[in-house]
Amino acid sequence: MTAQTDTETVAQVAELFVAYRSFYGREGDEDAARAFLTARVERGDSLVRAVLEDGRAVAFTQVYPGHSSLRLHTTWQLNDLFVAPDVRGGGAGVALVRHVLAEAADAGAHEVRLETQRTNTRARALYERLGFGLAADAGQDGEFLTYTRAPGGSDG
(Lines give C-alpha, C1' and ligand atoms only; values in the text may rest on other atoms or scores of the structure.)
Protein backbone atom coordinates (compact mmCIF):
# COMPACT_ATOMS: atom_id res chain seq x y z
CA MET A 1 0.00 0.00 0.00
CA THR A 2 1.22 3.47 -0.73
CA ALA A 3 -0.10 6.84 0.27
CA GLN A 4 2.21 8.56 -2.16
CA THR A 5 1.03 10.78 -4.93
CA ASP A 6 4.28 10.97 -6.88
CA THR A 7 4.04 11.63 -10.61
CA GLU A 8 4.59 8.01 -11.66
CA THR A 9 1.96 6.65 -9.26
CA VAL A 10 -0.56 9.29 -10.31
CA ALA A 11 0.02 8.41 -13.97
CA GLN A 12 -0.61 4.72 -13.22
CA VAL A 13 -3.68 5.51 -11.12
CA ALA A 14 -4.96 7.68 -13.97
CA GLU A 15 -5.00 4.58 -16.17
CA LEU A 16 -6.98 2.69 -13.51
CA PHE A 17 -9.30 5.72 -13.27
CA VAL A 18 -10.02 5.41 -16.99
CA ALA A 19 -10.79 1.69 -16.50
CA TYR A 20 -13.00 2.54 -13.49
CA ARG A 21 -15.03 5.01 -15.56
CA SER A 22 -15.34 2.40 -18.31
CA PHE A 23 -16.66 -0.10 -15.72
CA TYR A 24 -19.46 2.38 -15.04
CA GLY A 25 -20.20 2.87 -18.76
CA ARG A 26 -18.35 6.18 -19.15
CA GLU A 27 -16.49 5.41 -22.37
CA GLY A 28 -14.39 8.00 -24.16
CA ASP A 29 -12.90 11.21 -22.79
CA GLU A 30 -9.87 9.28 -21.52
CA ASP A 31 -7.62 12.34 -21.74
CA ALA A 32 -10.18 14.42 -19.84
CA ALA A 33 -10.41 11.70 -17.17
CA ARG A 34 -6.64 11.64 -16.72
CA ALA A 35 -6.56 15.44 -16.51
CA PHE A 36 -9.42 15.46 -13.99
CA LEU A 37 -7.67 13.01 -11.66
CA THR A 38 -4.32 14.77 -11.98
CA ALA A 39 -5.93 18.13 -11.18
CA ARG A 40 -7.60 16.71 -8.05
CA VAL A 41 -4.21 15.49 -6.80
CA GLU A 42 -2.32 18.66 -7.74
CA ARG A 43 -4.92 20.92 -6.10
CA GLY A 44 -5.27 18.74 -3.02
CA ASP A 45 -9.03 18.43 -3.64
CA SER A 46 -9.02 14.71 -2.94
CA LEU A 47 -6.98 11.98 -1.36
CA VAL A 48 -5.83 9.36 -3.84
CA ARG A 49 -4.36 6.14 -2.51
CA ALA A 50 -3.02 3.17 -4.43
CA VAL A 51 -1.94 -0.40 -3.89
CA LEU A 52 1.32 -1.13 -5.66
CA GLU A 53 2.49 -4.61 -6.57
CA ASP A 54 5.96 -4.91 -8.06
CA GLY A 55 5.92 -1.18 -8.80
CA ARG A 56 2.56 -1.36 -10.60
CA ALA A 57 -0.59 0.36 -9.34
CA VAL A 58 -3.21 -2.40 -9.20
CA ALA A 59 -5.92 -0.65 -7.19
CA PHE A 60 -6.85 2.86 -6.16
CA THR A 61 -9.31 4.86 -4.17
CA GLN A 62 -10.21 8.52 -4.25
CA VAL A 63 -11.74 10.23 -1.22
CA TYR A 64 -13.31 13.68 -0.99
CA PRO A 65 -13.37 15.15 2.53
CA GLY A 66 -16.43 17.32 3.18
CA HIS A 67 -17.50 19.45 6.10
CA SER A 68 -20.82 20.42 7.65
CA SER A 69 -21.10 23.73 9.47
CA LEU A 70 -24.46 22.82 10.98
CA ARG A 71 -23.46 19.33 12.10
CA LEU A 72 -19.94 20.45 13.00
CA HIS A 73 -18.32 17.38 11.58
CA THR A 74 -16.34 16.08 8.67
CA THR A 75 -17.48 13.31 6.36
CA TRP A 76 -15.17 11.47 4.02
CA GLN A 77 -16.83 10.46 0.74
CA LEU A 78 -15.10 7.34 -0.55
CA ASN A 79 -15.99 8.25 -4.10
CA ASP A 80 -13.94 5.84 -6.20
CA LEU A 81 -12.60 2.36 -5.56
CA PHE A 82 -11.26 0.19 -8.34
CA VAL A 83 -9.16 -2.97 -8.44
CA ALA A 84 -7.58 -4.17 -11.67
CA PRO A 85 -9.46 -7.26 -12.91
CA ASP A 86 -6.37 -9.48 -12.85
CA VAL A 87 -5.84 -8.99 -9.08
CA ARG A 88 -9.44 -8.95 -7.82
CA GLY A 89 -10.05 -11.17 -4.84
CA GLY A 90 -6.46 -10.73 -3.61
CA GLY A 91 -7.24 -8.25 -0.84
CA ALA A 92 -6.28 -4.95 -2.49
CA GLY A 93 -9.80 -3.49 -2.17
CA VAL A 94 -10.07 -4.52 1.49
CA ALA A 95 -6.65 -3.02 2.21
CA LEU A 96 -7.62 0.28 0.60
CA VAL A 97 -10.92 0.59 2.45
CA ARG A 98 -9.27 -0.26 5.77
CA HIS A 99 -6.58 2.32 5.04
CA VAL A 100 -9.21 4.97 4.31
CA LEU A 101 -11.07 4.14 7.52
CA ALA A 102 -7.89 4.43 9.59
CA GLU A 103 -6.86 7.68 7.90
CA ALA A 104 -10.35 9.13 8.40
CA ALA A 105 -10.19 8.24 12.10
CA ASP A 106 -6.76 9.85 12.42
CA ALA A 107 -8.11 12.99 10.72
CA GLY A 108 -11.08 13.16 13.11
CA ALA A 109 -13.74 12.46 10.49
CA HIS A 110 -17.21 11.66 11.82
CA GLU A 111 -18.14 9.16 9.11
CA VAL A 112 -17.11 7.59 5.82
CA ARG A 113 -19.79 7.42 3.13
CA LEU A 114 -19.84 5.75 -0.26
CA GLU A 115 -22.19 4.80 -3.05
CA THR A 116 -22.17 1.71 -5.18
CA GLN A 117 -24.46 0.30 -7.82
CA ARG A 118 -27.27 -1.82 -6.45
CA THR A 119 -26.23 -4.58 -8.90
CA ASN A 120 -22.56 -4.57 -7.81
CA THR A 121 -23.00 -7.44 -5.37
CA ARG A 122 -19.26 -8.06 -5.01
CA ALA A 123 -18.59 -4.49 -3.84
CA ARG A 124 -21.65 -4.49 -1.62
CA ALA A 125 -20.49 -7.69 0.09
CA LEU A 126 -17.03 -6.17 0.66
CA TYR A 127 -18.46 -2.99 2.21
CA GLU A 128 -20.90 -4.90 4.40
CA ARG A 129 -18.13 -7.25 5.55
CA LEU A 130 -16.12 -4.17 6.55
CA GLY A 131 -18.95 -2.83 8.72
CA PHE A 132 -20.69 -0.42 6.37
CA GLY A 133 -24.46 -0.26 6.59
CA LEU A 134 -27.08 1.33 4.39
CA ALA A 135 -27.38 5.03 5.22
CA ALA A 136 -30.71 5.82 6.88
CA ASP A 137 -30.67 9.40 5.60
CA ALA A 138 -30.32 8.50 1.90
CA GLY A 139 -32.95 7.46 -0.60
CA GLN A 140 -32.18 3.85 -1.43
CA ASP A 141 -34.57 3.31 -4.32
CA GLY A 142 -32.36 4.27 -7.28
CA GLU A 143 -29.53 2.66 -9.20
CA PHE A 144 -27.02 3.42 -6.42
CA LEU A 145 -27.06 2.57 -2.73
CA THR A 146 -25.45 4.76 -0.07
CA TYR A 147 -23.44 3.13 2.70
CA THR A 148 -21.92 4.70 5.80
CA ARG A 149 -19.91 3.81 8.86
CA ALA A 150 -17.84 5.45 11.54
CA PRO A 151 -14.13 5.46 10.76
CA GLY A 152 -11.60 3.43 12.68
CA GLY A 153 -12.69 0.54 14.85
CA SER A 154 -12.73 -3.09 13.88
CA ASP A 155 -14.41 -4.90 11.04
CA GLY A 156 -15.00 -8.43 9.83
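Packing around the peptides 103-112, 55-64, 19-28, 38-47, taken as the average count of other Cβ atoms within 10 Å per residue, puts them in this order, highest first: 55-64, 103-112, 38-47, 19-28. Within the accessible area of the range 2-74, the carbon and sulfur atoms contribute 49%, probe 1.4 Å, all protein chains present. Residues of the range 94-132 with the amide nitrogen closer than 15 Å to a label point 7 Å from the Cα of R88, along Cα-to-Cβ, please. Residues passing the 15 Å test: 94, 117-127.
Per residue, how much accessible area does the chain have with a 1.4 Å probe, in Å²? Please report the intermediate quantities before stating the final value.
Numbers: 8240 Å² over 156 residues.
I get 53 Å² per residue for the chain.
Amide H contacts of R118: F144, L145, each under 5 Å away and 5 or more positions distant or on a separate chain (H built 1.01 Å from N in the peptide plane; Pro and chain starts excluded).
Near A84, the amide H atoms lying under 5 Å from its own belong to A59; only residues 5 or more places off or on other chains count, and H is placed 1.01 Å from N.
If the chain linking E143 and R71 were pulled fully straight, counting 0.36 nm for each residue of separation and taking away their Cα-Cα distance, it would gain 23.1 nm.
Only bridges whose two residues both fall in the range 1-148 count here: according to DSSP, what percent of them are antiparallel, nearest 5? Intermediate results must be reported in sequence, preceding the final value.
On the way: 25 of 29 bridges.
Roughly 85 percent of the DSSP beta bridges within the range 1-148 come out antiparallel.
Helix 92-106 and the longest principal axis of the Cα set of the chain meet at an angle near 60°. Normalising the average separation of contacting C-alpha pairs (under 8 angstrom, six or more residues apart) by the number of residues puts the relative contact order of the chain at 18 percent.
Helix 30-43 axis versus longest C-alpha principal axis of the chain: approximately 60°, rounded to the nearest ten.
The values are calculated or read from the model by the stated rules, or taken from the named source; none is laboratory data. Since the structure is predicted, the reported quantities are computational estimates derived from the model, not experimental observations. Every residue, glycine as well, gets a Cβ built from its backbone with ideal geometry; the counts of neighbours run over all protein chains shown. Accessible surface is based on the protein model in full, side chains and every heavy atom, while ligands, DNA and RNA are left aside. Shrake-Rupley method; radii C 1.70, N 1.55, O 1.52, S 1.80 Å.
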